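Asker: Structure below; questions to follow.
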4 protein chains.
Amino acid sequence: MSFLSTYALFRKKVYVVIYQTNTKAGRLFDLILLGLILFSVLLVMMETVSEFNLKYHSYLITFEWIITILFTIEYIFRILSINKPVRYIFSFYGIIDLLAILPMYLSLVITGSNILTVIRALRLLRLFKILNNPQFTTQSLKLKRALEASKGKIVVFIYFVLISTIIIGSTMYLIEGKESGFTSIPTSIYWTIVTLTTVGYGDISPQTPLGQFIASFVMIMGYGIIAVPTGIVSAEINKINKSKDVTPQNPCINCDNTDYPGNAKFCPQCGHSLENN
Amino acid sequence: MSFLSTYALFRKKVYVVIYQTNTKAGRLFDLILLGLILFSVLLVMMETVSEFNLKYHSYLITFEWIITILFTIEYIFRILSINKPVRYIFSFYGIIDLLAILPMYLSLVITGSNILTVIRALRLLRLFKILNNPQFTTQSLKLKRALEASKGKIVVFIYFVLISTIIIGSTMYLIEGKESGFTSIPTSIYWTIVTLTTVGYGDISPQTPLGQFIASFVMIMGYGIIAVPTGIVSAEINKINKSKDVTPQNPCINCDNTDYPGNAKFCPQCGHSLENN
Amino acid sequence: MSFLSTYALFRKKVYVVIYQTNTKAGRLFDLILLGLILFSVLLVMMETVSEFNLKYHSYLITFEWIITILFTIEYIFRILSINKPVRYIFSFYGIIDLLAILPMYLSLVITGSNILTVIRALRLLRLFKILNNPQFTTQSLKLKRALEASKGKIVVFIYFVLISTIIIGSTMYLIEGKESGFTSIPTSIYWTIVTLTTVGYGDISPQTPLGQFIASFVMIMGYGIIAVPTGIVSAEINKINKSKDVTPQNPCINCDNTDYPGNAKFCPQCGHSLENN
Amino acid sequence: MSFLSTYALFRKKVYVVIYQTNTKAGRLFDLILLGLILFSVLLVMMETVSEFNLKYHSYLITFEWIITILFTIEYIFRILSINKPVRYIFSFYGIIDLLAILPMYLSLVITGSNILTVIRALRLLRLFKILNNPQFTTQSLKLKRALEASKGKIVVFIYFVLISTIIIGSTMYLIEGKESGFTSIPTSIYWTIVTLTTVGYGDISPQTPLGQFIASFVMIMGYGIIAVPTGIVSAEINKINKSKDVTPQNPCINCDNTDYPGNAKFCPQCGHSLENN
């Protein structure tokens, strides 16, 4: 066997392992990858906890470099084994795969930039492909469709909310003034969003009676309008759930009736067998 | 051509540019207007950020005056070019257009009143006209109709909430007393609203065991009753979504009625056959 | 006319004015009563605002006494004019009417007890009778029915939430200890409710990593389970909305069809007139 | 009567009292048990309130020991009277029953471990059996089924939320730095969850304009996505409510099948006529 055909075979095998999930090797590869991603995200997190970092800094860095090199090899193999490498490189996952290894090499030049490796968390989105669970993909598809159907209404809603936010924020700035923490209109808008979304940090809170009165109004408004996006999404999911139930069935060959349970053997209208339907 | 007919022609052209969106010039005008509104709102905001204002005060003021003069010219042209100027002046947008330029002129007399130009944000509501996107207008119409249909139930709901607020606020005032920040009944009512809407600033919070017990009760209540407006709006959107499915039917050829069940054979208004509809 | 019949006539007239809303005098009486209730609630509130009370104490007390005497007269007239006075006295509104006047007289004995007159706010519940607005009563009836239908599910839900609250609260007490403000299990349960309902005062917040981890879990849990009561109520309102649409109609006298629009004049199935239906 | 048969009779009687709820004695036993559980949970809570514990420590400990001994006797009787004791011991309630008594005995060795008796609260879950209320069990079954049906969508949703949480938390760590309280990525993730779920303690809050801008974005996002789980659960409850309307139908007299459309004339499983059903 020539070198070229050996390479072609190797390339094909690598492709199956990396890109496919229906072989045993492919599944194992995906699981190891998933574990490595989780582990590397955890490493970056731990590095920022100063007590932990002080004690185990060298271990953390060592492990980060090992994973980065493994990810680099994986990235090169992904490019080599695929038929349209350019397409992969500029795809969503291709860019994330690159961004997941770059910061570590960058940290050789700029100290501390290895923190950016936390972007690896985005690689976890591959999990759905890895799990290859039809139920999950159906559910996430449904959810996606419901959210897409809601998009129009939600954009309109957020637009109105943002304009209200500017008006209310400016009003509170004029009423409360700099003493209560409403130091500027942007800060007041920040406060309005904190209040309207019912987060309520309390780092800024109105002190004057009039300010508290308007704040009360904003809260009740926020409490009420949270109903709007919920109502929208809920109605859309409802619609999608319902449309699923109506999976069109073959009509009975005797009487054209389509209204029968999915497991029916005989047509409930004429009693004809549905075996050959 | 006489001066008058030249003026009439000019007036007509201005009308098309300002009020209509289906010509290229009209669309461009709207986009520039939108940009100017956004820019001027940003200017006012930046003016209130003291570090920024100290450095760039003269630039900010200059730009604000330029935009105000442009808006003034636009306002005059809007009045001149329309057939019923009085109607425009006292319309919702007419008043906003005036309020958007007044504060700047007022600032010549009263220092600082130019902050009020933030009211220009309301001009952003024109965006929907500008976008002229049928999908958006349909969506906002639907949302509006769902909210209108919910109005009755929501008014009843808010009325009950407000009465509860007075009772709970007074109770907490009696239990907690002035030491915990419950200095008066209005302040206690403010706290109740902050708690009931799950905002929870923490500027006032109960200290006595009994107060904390009642507060827990209020929170669980607030947590539960948030379900009510959401449920109302969600059910209404559901209804409107469903009614949408009832795509317009051919009107009865005898009386133009379109309100009949899908399987109707005779028009329910005039009794005419719908066979050939 | 004898004294007795004069009294009977007077009593009847008073009854019409106080208890009925369909005469002009009855409507006027209700509106004045509503105004007085609102005004008296406002008076009590203002009395607790110390700056305000210092200045206007004598005015506040005078007005409170005037309103109390007016309410006392109203209460006596309500008892005298009704046929079954005992029934009224022990009814919900009867007790509230009494509680609305008692604290003021009590304040002659116990200083400060006039604050309790804030209970007058409950008299505002009469508003629905006063407005006599069929739309509002329908809406509040529907809301009431939806909430009643949800009761079973919501009781089950709150029961589970309360047990979770005890378990989580105790766990946090053991983890965080007294330094972080988790001074006792009841206090920790209070914190759990504050967190689970997404109120989040911040007066108590976890400091240890493990505590913060569990708190994160509680928040996501709280965020998720808020869906449950909302889903319940929303589904119930949906059901009631739907059932309303199916107001049973008289079947067509010609073909027994009941599926026609509410304003139909002819049966859409057979074309028969629905006039005498 | 021999000793063995006396014991068998006694064992049977105990079984009826402990495990069954349809006799008077069984019902009384359950009510007393419920009272004891509530009382013992209250005792543990009170023990952690230091002022209370200082005064009444000996009483609290005495009562806790009495209840523990009673529960121990009950546990032994539960094991003795049931036919498959091993099955009970390793069942959910069996383990809880054991955990409810162990900590007290453990406290003889390790001081303070009696706090763990708070786990007795889990015994309250038996309440549903005790109440034996068909309405409640139906409701909780429905709720359970709706939540199970929502599980798939909610897992997908929480997975996306958690990944967002890691990305946002890391971003905020990089922007805000250690001065604002964002001391490490785990802490920043904790802050993100606190904000996204609209809890908003305020113990950590962004100070830089960019941080506040991103926080605003997170809040609006959190405010919007709370719609998703609510929408999911609400749609599922809706579905289950509707399916409930399909009141059980008479089974087919030929094959006992009950799953057929309401207007069916022939059984869809065996083709038998449903006329005389």
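Asker: Report, by residue number, each residue of segment A:223-248 that is touching an Asp or Glu at 6+ places or on another chain (Cβ under 9 Å) and at pLDDT below 75.
Answerer: Within segment A:223-248, just A:N241 meets the criteria.
Asker: Another question about this same structure. Which condition does A:K178 not pass, out of (1) closer than 28 Å to C:I226 by Cβ; (2) facing chain B (nearest Cβ under 9 Å), if it passes all the others?
Answerer: (1)
Asker: Let me ask something additional. Could you tell me which of the residues A:I32, A:I79, A:I101, A:I18 is open to solvent by 50 Å² or more (accessible area, probe 1.4 Å), within 26 Å of the chain's Cα centre (by Cα) and within 22 Å of A:R126 (Cα to Cα)?
Answerer: On inspection, the qualifying residue turns out to be A:I32.
Residue-wise test of (1) open to solvent by 40 Å² or more (accessible area, probe 1.4 Å); (2) among the hydroxyl-bearing types (S, T, Y).
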position	(1), (2)
D:G152	no, no
D:V155	yes, no
D:V161	no, no
D:I166	no, no
D:Y173	no, yes
D:K178	yes, no
D:F182	no, no
D:T187	no, yes
D:W191	no, no
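Asker: Same structure again: So which residues in segment A:179-207 are of a type in the set (V, I, T) and within 14 Å of A:T165 (Cα to Cα), if there are any at all?
Answerer: Within segment A:179-207, the subset of a type in the set (V, I, T) is A:183, A:185, A:187, A:189, A:192-195, A:197-199, A:204.
Answer for segment A:179-207, where residues must be of a type in the set (V, I, T) and within 14 Å of A:T165 (Cα to Cα): A:I185, A:T187, A:I189, A:T192, A:I193, A:V194, A:T195, A:T197, A:T198.
Asker: Next up: So which of B:S58, B:S50, B:S40 ends up being crowded, with 16+ Cβ neighbours inside 10 Å and assigned by TED's automatic domain parsing to the domain that holds B:M104? Please lay out each step first, then the result.
Answerer: Numbers: B:S58 fails: crowded, with 16+ Cβ neighbours inside 10 Å; B:S50 fails: crowded, with 16+ Cβ neighbours inside 10 Å.
Checking each option against the conditions leaves just B:S40.
Asker: Quick test of your reading of the structure: D:N53 fulfils all but one of (1) touching a residue at least 60 places away in the same chain (Cβ under 8 Å); (2) within 14 Å of another protein chain (Cβ to nearest Cβ). Name the failing condition by number.
Answerer: (1) is the only condition that D:N53 fails.
Asker: Would you pick out the residues in segment D:193-203 that are open to solvent by 10 Å² or more (accessible area, probe 1.4 Å) and at pLDDT 90 or above? Spell out how you get there, then give the answer.
Answerer: We begin by selecting, within segment D:193-203, every residue open to solvent by 10 Å² or more (accessible area, probe 1.4 Å); these are D:193, D:202-203.
Listed by number, the list holds a single entry, D:I193.
Asker: A:S180: outside the structural domain of A:L38 (by TED's automatic domain parsing), over 23 Å from D:I168 (Cβ atoms), modelled with pLDDT under 85 and among the hydroxyl-bearing types (S, T, Y), yes or no? Give the steps one after another, and end with the answer.
Answerer: Working: outside the structural domain of A:L38 (by TED's automatic domain parsing): yes; over 23 Å from D:I168 (Cβ atoms): yes; modelled with pLDDT under 85: yes; among the hydroxyl-bearing types (S, T, Y): yes.
Against the criterion (outside the structural domain of A:L38 (by TED's automatic domain parsing), over 23 Å from D:I168 (Cβ atoms), modelled with pLDDT under 85 and among the hydroxyl-bearing types (S, T, Y)), A:S180 qualifies.
Asker: What do you reckon, is D:G200 without any contact (Cβ under 8 Å) to a residue 40 or more places away in the chain, over 35 Å from the mean Cα position of the chain (by Cα) and either over 23 Å from A:I226 (Cα atoms) or part of a loop (DSSP other than H, G, I, E, B) (or both)?
Answerer: Numbers: without any contact (Cβ under 8 Å) to a residue 40 or more places away in the chain: yes; over 35 Å from the mean Cα position of the chain (by Cα): no; either over 23 Å from A:I226 (Cα atoms) or part of a loop (DSSP other than H, G, I, E, B) (or both): yes.
Judged against the criteria, D:G200 is not a match.
Asker: Right, next: Scan segment D:58-75 and tell me whether some residue there is within 13 Å of another protein chain (Cβ to nearest Cβ), assigned to a helix (DSSP H, G or I) and either without any contact (Cβ under 8 Å) to a residue 40 or more places away in the chain or touching a Cys at 6+ places or on another chain (Cβ under 6 Å) (or both). Show your work before the answer.
Answerer: Within segment D:58-75, the first condition is being within 13 Å of another protein chain (Cβ to nearest Cβ), and the residues that meet it are D:60.
Now restrict to residues that are assigned to a helix (DSSP H, G or I): D:60.
Restricting the remaining residues to those that are either without any contact (Cβ under 8 Å) to a residue 40 or more places away in the chain or touching a Cys at 6+ places or on another chain (Cβ under 6 Å) (or both) gives D:60.
Yes, some residue in segment D:58-75 is within 13 Å of another protein chain (Cβ to nearest Cβ), assigned to a helix (DSSP H, G or I) and either without any contact (Cβ under 8 Å) to a residue 40 or more places away in the chain or touching a Cys at 6+ places or on another chain (Cβ under 6 Å) (or both).
Asker: Could you give every pair whose Cβ atoms fall below 7 Å, whose first residue belongs to segment D:1-30 and is farther than 18 Å from D:K84 by Cβ, and whose second residue is aromatic (F, W, Y), counting only separations of at least 6 or pairs across chains?
Answerer: D:V17/D:F29
Asker: List the residue pairs whose Cβ atoms are under 8 Å apart, where the first residue sits in segment C:215-229 and is under 22 Å from C:G202 (Cβ atoms) and facing another protein chain (nearest Cβ under 7 Å), the second is aromatic (F, W, Y) and in a helix (DSSP H, G or I), and the two are 6 or more positions apart or on different chains.
Answerer: Taking only residues 6 or more apart or on different chains, the pairs are C:S216/D:Y190; C:I226/B:Y223.
Asker: Would you tally the residues in segment D:76-121 being in a helix (DSSP H, G or I) and in contact (Cβ under 8 Å) with a residue 40 or more places away in the chain? Reasoning before the result, please.
Answerer: Restricting attention to segment D:76-121, the residues satisfying the condition of being in a helix (DSSP H, G or I) are D:76-81, D:85-89, D:92-99, D:102-106, D:113-121.
Still in the list and also in contact (Cβ under 8 Å) with a residue 40 or more places away in the chain: D:77-78, D:80-81, D:104, D:114-115, D:117-118, D:120-121.
Total meeting the criteria: 11.
Asker: For segment B:104-136, give me each residue that is modelled with pLDDT under 75, within 9 Å of another protein chain (Cβ to nearest Cβ) and under 17 Å from the mean Cα position of the chain (by Cα).
Answerer: Scanning segment B:104-136 gives B:L127, B:F128, B:F136.
Asker: Continuing with the same structure: Test of understanding: among D:P206, D:P261, D:P251, which residue is of a type outside the set (S, T, N, Q), more than 34 Å from the chain's Cα centre (by Cα), modelled with pLDDT of 70 or more and in a loop (DSSP other than H, G, I, E, B)? Quick ask: steps written out before the conclusion?
Answerer: Numbers: D:P261 fails: modelled with pLDDT of 70 or more; D:P251 fails: modelled with pLDDT of 70 or more.
Going through D:P206, D:P261, D:P251 in turn, the sole match is D:P206.
Asker: Another question, then. Considering only residues that are charged (D, E, K, R) and within 30 Å of A:Q20 (Cβ to Cβ), which ones fall in segment A:48-106? Give the steps one after another, and end with the answer.
Answerer: Taking segment A:48-106 and keeping what is charged (D, E, K, R), we get A:51, A:55, A:64, A:74, A:78, A:84, A:87, A:97.
Answer for segment A:48-106, where residues must be charged (D, E, K, R) and within 30 Å of A:Q20 (Cβ to Cβ): A:E64, A:E74, A:R78, A:K84, A:R87, A:D97.
The values are calculated or read from the model by the stated rules, or taken from the named source; none is laboratory data. Keep in mind the model is a prediction, meaning the values are calculated, not measured. Cβ sites come from the backbone with ideal geometry, for glycine too, and all protein chains shown count toward neighbours. Heads up: the accessible areas ignore ligands, DNA and RNA and are worked out on the full protein's heavy atoms, side chains in. Shrake-Rupley method; radii C 1.70, N 1.55, O 1.52, S 1.80 Å.
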